[in-house]
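Structure first, then comments.
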Amino acid sequence: MNSQTKKTIDDFVRYGYTPGSFVEAVLSNDLCSAFNRADSDNAANLREIVQYVRETVPYGAWRSPDNVRRWIKQGGLKGKDNYAMV
């Protein structure tokens with residue numbers, strides 16, 4: 001996995017930053033779209049990227065487009081406590 005893809009996933013988790021279309025498709029569990037949006041490096045490493053997501057991204061932050069949108073709206077881990085009070 002390239003360092004930019006890892007940083008994009010990590011920033012999504014920590015801060016709720018909106019990822020690019022490839023990472024958003026991976027997080028949304030839409031692997032067909034992820035593969036279609038991937039550059040050659042990400043396509044070659046898709047298995048490793050999915051494994052990284054499974055091991056590091058909180059369960060409620062991925063697996064569906066709705067989960068991804070909620071995670072972005074709350075501001076990731078940084079905004080999680082504040083979001084619960086809203």
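Each reported figure results from applying straightforward, stated rules to the coordinates on display, with no laboratory input. Values in this document were obtained by computation on a predicted structure and should not be read as measured data. FYI the Cβ positions are ideal-geometry reconstructions off the backbone, even for glycines, and counts take in every protein chain you see.
Summary of computed values
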quantity: Per-q log10 I(q)/I(0), segment 1-50, q = 0.19, 0.25 Å⁻¹ (Debye; single scatterer per alpha-carbon; no solvent); calculated: -0.52, -0.91
quantity: Residues in segment 40-81 that a label on GLN4 would reach, taking backbone N under 20 Å of a point 7 Å out along Cα→Cβ; calculated: 40-50, 52-53
quantity: TYR59-ASP39 FRET efficiency (beta carbon distance; Förster radius 22 Å; 0.05 resolution); calculated: 0.20
quantity: Segment ASP30-ASP66, extension gain: residue separation times 0.36 nm, minus the distance between their alpha carbons; calculated: 11.7 nm
quantity: Between segment 38-64 and segment 8-26, the alpha-carbon center distance in angstrom; calculated: 10 Å
